[in-house]
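To start, the structure under review is shown below, and the notes come after it.
The values are calculated or read from the model by the stated rules, or taken from the named source; none is laboratory data. This one's a predicted model, so the numbers in the text were calculated from it and none came from an experiment. Here Cβ is always computed from backbone atoms with ideal geometry, including for glycine, and neighbour counts include all displayed protein chains. What goes into the accessible areas is simple: the full protein's heavy atoms, side chains included, and nothing from ligands, DNA or RNA. Shrake-Rupley method; radii C 1.70, N 1.55, O 1.52, S 1.80 Å.
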Amino acid sequence: MVDMGGRRQTLLLMLLLMAVWAGDADAEPPPDYFGQGLQHYERGEYEQAIQMFRAGHAAEGHPAYLFNIAQAQRLAGQLEEALASYRAYLAAAPMAENRAEVEQHVAALERQVALAGLLHQAREGQRLLQQGKTEQGLHLLAQAEVRAAQANIDAADRAELSYAYGRALLQAGRTEEAIAVLRRACALSPQDGQMRLDLAVALQRAGDAAAALQTVRQARALALSPQEQHLAAQTAAAARKQMVQDRLTIDASVGLAFDSNVLQGNRETIAGRFTGGTRSGPADSQMRPTLRGVLQDIVTQYRTPVPPRSEPNLPLTLSLDVSGRAVGNRRVSLWAEYHFVQILMTLPRALTESDHDIYNFQEHRAGLRLRSEPLRRLRLAARAQGVANFSGLQRFAPFQGGLLGGLDVMVQETAWLRSRLSLSHEYRASFDRSVWTYVNECGQQMSETDTIFDGHRTTLALSHELRRSWFRGRLGYQFRSDRSGVLEIDLPYRIQNPINPREELVLGCYHYQAPLSYDGHEGHLGAQAELPWQLEASARVLYEYRAFHGEYGALFRPRRDGLPAQTLGYAPRRDHRVSLEVSVARALPVGFSLELTYSLVKNLSSVANGIDNRSYDKHVVALWGAWAF
């Protein structure tokens, strides 16, 4: 408390006043504003002291009253008012003896006022976050951190504001941004264990297990509460597990499904010939007309589409994926990978219209993948794999082998948007290179070989993914160019023997040609959302347009004299495929999970004739159990 510039000045001022009163004995002495204000001040009655000092300043105009007002306002917590009063005092008494002391008070109050405004802004941001207004709340917290860096406030206070913003980012799922902000907080307050612990949590979530473990050790060396010690132990255990997973990952699953049409899918059955397995014998014709206008009937029966053929089964799928880091670190690493899948048709032959053994499928893929993260938001991967697959179970036989090379690029544009680009090329060749010759029912010598399935497949895929805390959306496009041979099938044309109706006569054969090469364009839109009870639901809609090279058609080759050869309906094949996929999954302890899926595929094709109909519907309901490490 400064009493009018010091006790001596006060005494001098009081003596002058007393001299004035002595000159006028009849005059009433003026109120003792200073004395009364000082009494209130010493009793901690700051509001009353301020009132008395203000009255004194109004009556006497002495600048020291302004200083006393500022002192009382500062102690009363009226920071902005005290700052204004100190500045008014310096303006009124620029040569005051206590100017250095006042300037220290002004600097301290400027920091406190700035900090109070920033804390109010931070609390408002947190209130918006609690109301679910994430972007608005994060914006206010970000502004508070920027203003704190510009203001002249203590490093510890700046650290608290950065820490509040970092925690909000972490809770919003914006992990990379949270790491950067929490690092700033730790740099400003290096002895705060709680800040370092939250930084460790963010690093662990971001996949930087080594840095997370090191940061946990630093946090444990500082003061942590029992609850924080427990969180530190959990984070350290998760980081150690992640360090193992950074070198080894295992995914295994088993699924049992009902498939309404196992004949069609990514591997087609064309005119009775399955294109996804090694040959099992010549196809059989179902065209058995009676004798009437034979030439007209040959054409009519070909042009009359057969109904789409479908057969159900209960496929059981077993899959295993294992990958391990051979050399490298988090930035650049070389991984060895292995993939296995086995599809088993579980319905016995007695319950199906045809033998489904060839639809049993097994595939092995093994290779290397080079991963690189040259920038924080850019990830690259180059892969090379060898592929071998087999068909059949009772007649288990190798079908195809090949090589695949690819490049994958992932760009993280923002915390909630990422893009992926994938380019791959696969060469495949049949293991059985022999040519199988036989005499068909028309008496013609025919040949068949699996080498028609040799080919090249180039795939280019681009997708954009929106990632929020509980929702993910994806929009993607894929181009696929598949180059392989032409499937040729001979189907006999039979009629009933007019002399002996129990016999059939083969008048000729349809030589059917089905080009397998195509260019496909696919677009898809998908969404994934978290639900209550730890459920996760997803849905995806796909549309694909396939343009096949060459034309589908048949040539009728007569067996008997008198019937001419005829060319029948050659036309290009164009397919429109629409798919819908929905699923519900739930994570279980120890890395297990359950998933229920349903998919619908509807293929509309321009090929529909008496031998083959490429239009079909397919429904699949599957229950999956999986384990991931």
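Tabulated data for the structure shown
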read-out: Odd one out for residue 460 among (1) out of contact with any Leu (no Cβ under 6 Å at 6 or more places or on another chain); (2) without any contact (Cβ under 8 Å) to a residue 40 or more places away in the chain; value: (1)
read-out: Output for the stretch 584-621, where each listed residue is assigned to a strand (DSSP E or B) and under 18 Å from residue 532 (Cα atoms); value: 584, 585, 586, 587, 593, 594, 595, 596
read-out: Residue among 252, 209, 257 that alone is closer than 29 Å to residue 377 by Cβ and not basic (Lys, Arg); value: 209
read-out: Condition met for residue 616 (closer than 30 Å to residue 549 by Cβ, surrounded by 14 or more Cβ atoms within 10 Å (Cβ to Cβ) and over 23 Å from the mean Cα position of the chain (by Cα)); value: yes
read-out: Any pair with Cβ under 8 angstrom, 6 or more apart, that starts in the stretch 51-74 at a residue that is over 18 Å from residue 102 (Cα atoms) and ends at one that is part of a helix (DSSP H, G or I) and among the β-branched types (Val, Ile, Thr); value: 54/69; 57/69
read-out: Residue satisfying condition, being of a type in the set (Gly, Ala, Ser), assigned to a strand (DSSP E or B) and either open to solvent by 50 Å² or more (accessible area, probe 1.4 Å) or modelled with pLDDT of 95 or more (or both), within set 514, 571, 554, 537; value: 537
read-out: Every residue from the stretch 132-153 that is open to solvent by 30 Å² or more (accessible area, probe 1.4 Å) and either in contact with a Lys or Arg (Cβ under 7 Å, 6 or more places away or on another chain) or assigned to a helix (DSSP H, G or I) (or both); value: 134, 135, 136, 139, 140, 143, 146, 147, 149, 150, 152
read-out: Count of the stretch 336-362 residues which are open to solvent by less than 50 Å² (accessible area, probe 1.4 Å), modelled with pLDDT of 90 or more and more than 14 Å from residue 396 (Cβ to Cβ); value: 5
read-out: Single residue of the stretch 203-225 satisfying the filter (surrounded by 15 or more Cβ atoms within 10 Å (Cβ to Cβ) and basic (Lys, Arg)) that is nearest to residue 166 (Cα to Cα); value: 205
read-out: The stretch 462-477, residues that are under 16 Å from residue 520 (Cα atoms) and surrounded by 17 or more Cβ atoms within 10 Å (Cβ to Cβ); value: 476
read-out: Given (1) at negative phi; (2) open to solvent by 30 Å² or more (accessible area, probe 1.4 Å); (3) modelled with pLDDT under 85, index of the condition residue 443 fails; value: (1)
read-out: Out of 323, 310, sole residue that is modelled with pLDDT under 95 and open to solvent by 20 Å² or more (accessible area, probe 1.4 Å); value: 310
read-out: Scan of the stretch 441-457 for residues that are assigned to a strand (DSSP E or B) and in contact (Cβ under 8 Å) with a residue 24 or more places away in the chain, ordered by number; value: 446, 448, 455, 456, 457
read-out: Residue satisfying condition, being part of a strand (DSSP E or B), open to solvent by less than 60 Å² (accessible area, probe 1.4 Å) and over 30 Å from residue 315 (Cα atoms), within set 411, 387; value: 411
read-out: Qualifying residue in the stretch 421-440 (condition: in contact (Cβ under 8 Å) with a residue 12 or more places away in the chain, buried (at least 17 other Cβ atoms within 10 Å of the Cβ) and of a type in the set (Val, Ile, Thr)); value: no
read-out: Residue among 493, 512 that alone is touching a residue at least 60 places away in the same chain (Cβ under 8 Å) and within 30 Å of residue 601 (Cβ to Cβ); value: 512
read-out: Condition check for residue 110: touching a residue at least 40 places away in the same chain (Cβ under 8 Å), open to solvent by 50 Å² or more (accessible area, probe 1.4 Å) and in a helix (DSSP H, G or I); value: yes
read-out: Among residues of the stretch 294-307, those that are among the polar types (S, T, N, Q), open to solvent by 60 Å² or more (accessible area, probe 1.4 Å) and in contact with a Gly (Cβ under 9 Å, 6 or more places away or on another chain), counted; value: 2
read-out: Any hit, the stretch 314-323, residues being in a strand (DSSP E or B), closer than 20 Å to residue 208 by Cβ and touching a residue at least 12 places away in the same chain (Cβ under 8 Å); value: yes
read-out: Unmet criterion (only one of (1) under 30 Å from residue 576 (Cβ atoms); (2) open to solvent by 50 Å² or more (accessible area, probe 1.4 Å); (3) of a type in the set (Lys, Arg)) for residue 546; value: (2)
read-out: Residue tally, condition assigned to a helix (DSSP H, G or I) and open to solvent by 60 Å² or more (accessible area, probe 1.4 Å), over the stretch 31-45; value: 3
read-out: Complete set of residues in the stretch 518-534 that are surrounded by fewer than 17 Cβ atoms within 10 Å (Cβ to Cβ), of a type outside the set (Asp, Glu) and either part of a strand (DSSP E or B) or touching a residue at least 40 places away in the same chain (Cβ under 8 Å) (or both); value: 521, 523, 525, 527, 529, 531, 533, 534
read-out: Number of positions in the stretch 226-237 that are exposed (fewer than 11 other Cβ atoms within 10 Å of the Cβ) and either within 12 Å of residue 192 (Cβ to Cβ) or of a type in the set (S, T, N, Q) (or both); value: 1
read-out: Unique residue being within 28 Å of residue 275 (Cα to Cα) and touching a Lys or Arg at 6+ places or on another chain (Cβ under 7 Å) when the list is 549, 524, 576; value: 524
read-out: Any hit, the stretch 602-616, residues being farther than 21 Å from residue 272 by Cβ, among the β-branched types (Val, Ile, Thr), in contact (Cβ under 8 Å) with a residue 40 or more places away in the chain and touching a strand residue (DSSP E or B) at 6+ places or on another chain (Cβ under 7 Å); value: no
